[in-house]
Amino acid sequence: KGSLENAVTHFKKALKLDPKYSPARNNLGSAYMEMENWEAAIECFTAVKEDLLYGTPHYPLTNLGFVYYKLGDYDQSVHYYQEALDIAPKFPMAFHGLGLAYLAMGRHAESVAALERAVEQAPKEAPICMDLGKAYQAAGEPNKAYDAFNKAAELATDEKVKAEALAAAKKVWNP
């Protein structure tokens with residue numbers, strides 16, 4: 001709710017009461033991630049992913065993928081996204097992150113494939129459609145990029161995102 005310092009304090013209190021309470025540790029990692037405290041986030045998510053009783057291990061794995069993506073370690077990012085997908089083969093957040101990591105690596109065909117899977121699993125997510133458009137554009141497929149950008153604009157609930165998507169579509173239009 002925008003009070004990250006307060007959240008960190010409360011998650012730490014919860015962990016003081018029960019150091020093995022992985023949901024609090026995962027949420028603490030998410031707060032650190034929002035604060036761009038990457039090392040602290042890695043420490044939290046690593047501990048959670050090693051908890052054999054944690055019910056949704058694909059979440060901390062996906063979060064580790066995101067952290068390493070933000071750090072520019074794309075190989076490590078891909079590793080964690082793929083590990084998440086091994087556990088949850090239809091998890092759109094992991095496909096989305098994997099597609100972005102591949103895009104950053106210049107692996108355009110793999111980026112397109114991962115982002116298409118993300119769109120299949122979450123067809124109403126404007127940010128995923130927007131990133132698929134960018135992947136198509138990088139792969140030299142302007143017409144598919146145009147369609148993806150327009151789909152992102154259609155789905156966007158934020159006027160800034162909608163305007164960005166329409167501008168991107170206009171830029172790649174190739175009749």
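Observations, loosely collected:
- Residue check for Ala118: over 22 Å from Gly65 (Cβ atoms) and open to solvent by less than 10 Å² (accessible area, probe 1.4 Å): no
- Meets criteria (crowded, with 16+ Cβ neighbours inside 10 Å and either closer than 30 Å to Ala139 by Cα or modelled with pLDDT of 95 or more (or both)) for Gly99: yes
- Checking Gly106 against (1) over 13 Å from the mean Cα position of the chain (by Cα); (2) surrounded by fewer than 17 Cβ atoms within 10 Å (Cβ to Cβ); (3) closer than 19 Å to Glu154 by Cα, the condition it does not meet: (3)
- Residues being more than 23 Å from His79 (Cβ to Cβ), open to solvent by 70 Å² or more (accessible area, probe 1.4 Å), assigned to a helix (DSSP H, G or I) and touching a Leu at 6+ places or on another chain (Cβ under 8 Å) are entirely absent from segment 13-33.
- Matching residues, segment 63-96, being in a loop (DSSP other than H, G, I, E, B), within 20 Å of Met130 (Cα to Cα) and open to solvent by less than 30 Å² (accessible area, probe 1.4 Å): Phe91
- Of all residues in segment 43-62 being assigned to a helix (DSSP H, G or I) and open to solvent by 20 Å² or more (accessible area, probe 1.4 Å), the one that is farthest from Ala104 (Cα to Cα): Ala47
The values are calculated or read from the model by the stated rules, or taken from the named source; none is laboratory data. Everything numeric here is computed off the predicted structure, so don't read it as measured data. Counting neighbours? That spans all protein chains shown, and the Cβs are built from the backbone with ideal geometry, glycine included. Ligands, DNA and RNA are stripped out before the accessible areas are found, and what is left, the full protein with its side chains, is counted by its heavy atoms. Shrake-Rupley method; radii C 1.70, N 1.55, O 1.52, S 1.80 Å.
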